[in-house]
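See structure below.
The values are calculated or read from the model by the stated rules, or taken from the named source; none is laboratory data. These numbers come from a predicted model, not from an experiment. Ideal geometry is used to build each Cβ from the backbone, glycine not excepted, and the neighbour counts take in all protein chains shown. These accessible areas exclude ligands, DNA and RNA; they are computed on the full protein's heavy atoms, side chains included. Shrake-Rupley method; radii C 1.70, N 1.55, O 1.52, S 1.80 Å.
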Amino acid sequence: MEKLKIIGGKKLSGSISCSGAKNAALPMLAATILSDEPITFKNLPYLQDITTMFEILGSMGADITLNESMDFIISTSKLHDFEARYELVKTMRASILVLGSLVARYGSARIALPGGCAIGTRPVNFHLDALEKLGAKIELKNGYIEATAKKLVGCEINFPGVSVTGTENIMMAAVLAKGQSVLRNVAKEPEVEDLANFLNSMGAKIRGAGTDEIIIDGVEDLTGTKFSVPADRIEAGTYLIAAAITGGDVTISNIQAHRMNNILDKLKLSGALITEGEDKIQLTMENDSILPVDISTAPFPGFPTDMQAQFTVLNALSEGSSVVTENVFENRFMHVQELNRMGCDITVKGSNAFVKGVDSLNGAPVMATDLRASASLILAGLCAKGETIVDRIYHIDRGYERIEEKLSYLGADITRLPN
Ligand code: UD1
């Protein structure tokens with residue numbers, strides 16, 4: 001298994017470009033199923049999760065090519081299998097995103113039921129209940145979701161809880177439904193708006209994305225489109241924290257501050273000077289000290305759970321105590337034990353992590369348990385004394401494009417060790 005070796009203690013400085021957002025790209029790739037015409041993607045990030053979605057689409061019969069401008073062109077006009085196999089779904093829960101498109105376009109889908117994962121049970125009942133309301137028949141057989149429908153019919157759906165991929169799945173189902181759908185208590189994440197913009201560029205009629213209520217007027221069919229995947233706010237946030245904990249000065253280009261104000265506000269409270277430009281954000285640490293900042297995760301516009309592990313590292317190096325509360329997933333403190341092995345002083349009680357700032361960390365061999373947990377271990381390694389070896393980095397490759405290259409470019413001492 002590949003590992004990352006980090007020698008901590010380097011101040012990061014310079015400028016890097018933000019990649020396309022994984023969580024925006026995945027639903028857009030699933031939405032290619034909705035049209036017979038080819039769809040061209042610019043700025044698709046090079047990530048394991050994107051490869052997994054390619055494998056799912058490819059196994060169904062999609063044609064995926066790369067042109068000379070490095071744009072991906074996807075054509076789903078010859079789909080013949082409407083199935084996402086367990087071997088793929090178990091590596092990426094977001095595989096469930098093909099459910100809505102398949103049922104809307106082909107009236108049939110067989111998707112392995114995603115199991116629990118490292119950060120919690122993560123059921124998909126909101127997706128299934130809402131799809132049933134649109135007229136699909138759903139059966140659970142041999143570990144698979146089997147969904148069929150003649151023609152979905154628009155309706156009112158009140159989600160019992162806020163779900164990002166649940167909202168996206170049902171948006172994709174409703175765009176080809178007969179009549180109007182009104183989705184309430186939906187997720188307002190920027191990636192939901194991105195998907196609405198993408199679908200509208202294909203001829204869908206979606207209003208209200210980014211608010212609590214999305215209204216969709218079903219259309220007969222959708223066209224092809226050419227679309228650039230917007231920036232990954234979680235990637236940008238992770239690099240800004242890398243700059244903050246190393247006392248650095250880093251600019252991230254190709255990212256719009258309005259996508260991540262909830263993260264920037266907390267960084268400012270921690271003592272970082274944030275300068276927002278058009279499509280770029282600069283973080284400068286003016287003092288050596290980091291101030292402790294309480295954070296409490298919540299659906300957008302709240303603080304994102306996908307930045308919780310990284311922000312915990314920032315707090316762990318601050319001058320004081322803070323409380324990190326995880327409200328979205330029930331088991332998302334797996335990184336804490338490993339961080340404590342590096343010298344952090346963090347105590348988890350229920351959904352709270354009580355963090356006491358320490359002066360310094362020590363390098364250690366550590367194990368990544370999930371995507372954002374691995375990011376937090378790399379961050380800790382960047383400012384720890386001596387060598388940190390992060391094992392199981394396949395987690396990081398799911399969601400960070402060329403992380404060691406980008407960090408090296410900023411001056412970090414980080415190398416990928418082969419198997
Ligand atoms: C998405 C993101 C993930 C992020 C998460 C929360 C993608 C591909 N993934 O995951 O990076 O961490 O949003 O911002 O965009 N729930 C149910 N029933 C359901 C669906 C969800 O109870 O049918 C619960 C979940 O267990 C969780 C909460 O709702 O406690 C929010 O989960 P959800 O927003 O669905 O996360 P994902 O869409 O899987």
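Some points to look at:
- Local charge for Ser321 was computed over the other residues whose Cβ lies under 12 Å away, with Lys and Arg +1 and Asp and Glu -1, and equals -2.
- Derived scalar couplings ³J(HN,Hα) [the range 181-187; Karplus, 6.51 cos²θ - 1.76 cosθ + 1.60; whole Hz; x for Gly, Pro]: 10, 10, 9, 10, 6, 8, 6
- Accessible area of Phe82 in the full protein assembly, 1.4 Å probe (Å², nearest 10): 50 Å²
- Note on the chain: with a GNM built from Cα contacts shorter than 10 Å, the maximum mean-square fluctuation among Val175, Val103, Val164 falls on Val164.
- Label-point gap, in nm, between Ser13 and Asp81 - each point 7 angstrom along Cα→Cβ: 5.4 nm
- Gyration tensor verdict on the chain (Cα atoms; rounded if a/c is under 1.5, prolate if a/b is larger than b/c, oblate otherwise): prolate
- Within the chain, helix-based [θ] at 222 nm, where runs of 4 or more DSSP H residues each add -39,500 (n - 2.57), nearest 500: -9000 deg cm²/dmol
- Neighbourhood charge, 14 Å Cβ-Cβ cut-off, centred on Lys266 and excluding it, Lys, Arg +1 and Asp, Glu -1: -1
- Excluding ligands, DNA and RNA, the accessible surface per residue across the chain is 39 Å² with a 1.4 Å probe.
- The alpha carbon centroids of the range 400-419 and the range 269-348 are separated by 22 Å.
- Exceeding the 25 Å Cα-Cα cut-off - candidates Lys90/Lys349; Lys3/Lys406; Lys266/Lys356; Lys78/Lys226; Lys3/Lys42: Lys90/Lys349; Lys3/Lys42
- Label point distance in nm, Asp212-Lys226, each placed 7 Å from Cα along Cα→Cβ: 4.1 nm
- With a 1.4 Å probe rolled over the protein heavy atoms of all chains, the accessible area of Glu404, Glu326 falls in the order Glu404, Glu326, largest first.
- Apportionment of accessible area to carbon and sulfur, the range 199-258, percent (1.4 Å): 46 percent
- Computed with every protein chain present, the accessible area of Asp249 is close to 60 Å² [probe 1.4 Å].
- Estimated FRET transfer efficiency (Asn362, Thr148; beta-carbon r; R0 60 Å; 0.05): 0.60
- Spacing of the two label points (7 Å from each Cα toward its C-beta) at Ser69 and Glu132, in nm: 4.6 nm
- For the range 331-348, the Karplus equation 6.51 cos²θ - 1.76 cosθ + 1.60, evaluated at θ = phi - 60°, returns couplings of 9, 10, 10, 5, 6, 4, 4, 5, 4, 5, 5, 8, x, 6, 10, 10, 10, 9 Hz by residue, with Gly and Pro reported as x.
- Overall form of the range 278-388 per C-alpha gyration tensor (a/c, 1.5; a/b vs b/c): rounded
- Options Met60, Val89, Phe72, ranked by Cα towards positive dipole end of the range 5-113, top entry (Cβ charges): Val89
- Shape call, the range 1-132: gyration tensor on alpha carbons, a/c limit 1.5: oblate
- Max mean-square fluctuation residue, GNM over the chain, Cα-Cα springs under 10 Å, options Lys266, Lys178, Lys349: Lys349
- For Phe303, solvent-accessible area (1.4 Å; no DNA, RNA or ligand), Å²: 10 Å²
- Sites Val182 and Leu269 - FRET efficiency at Förster radius 41 Å, r taken between beta-carbons, to 0.05: 0.65
- For the range 117-259: Kirkwood Rh in Å [reciprocal of mean 1/r, alpha carbons]: 17.0 Å
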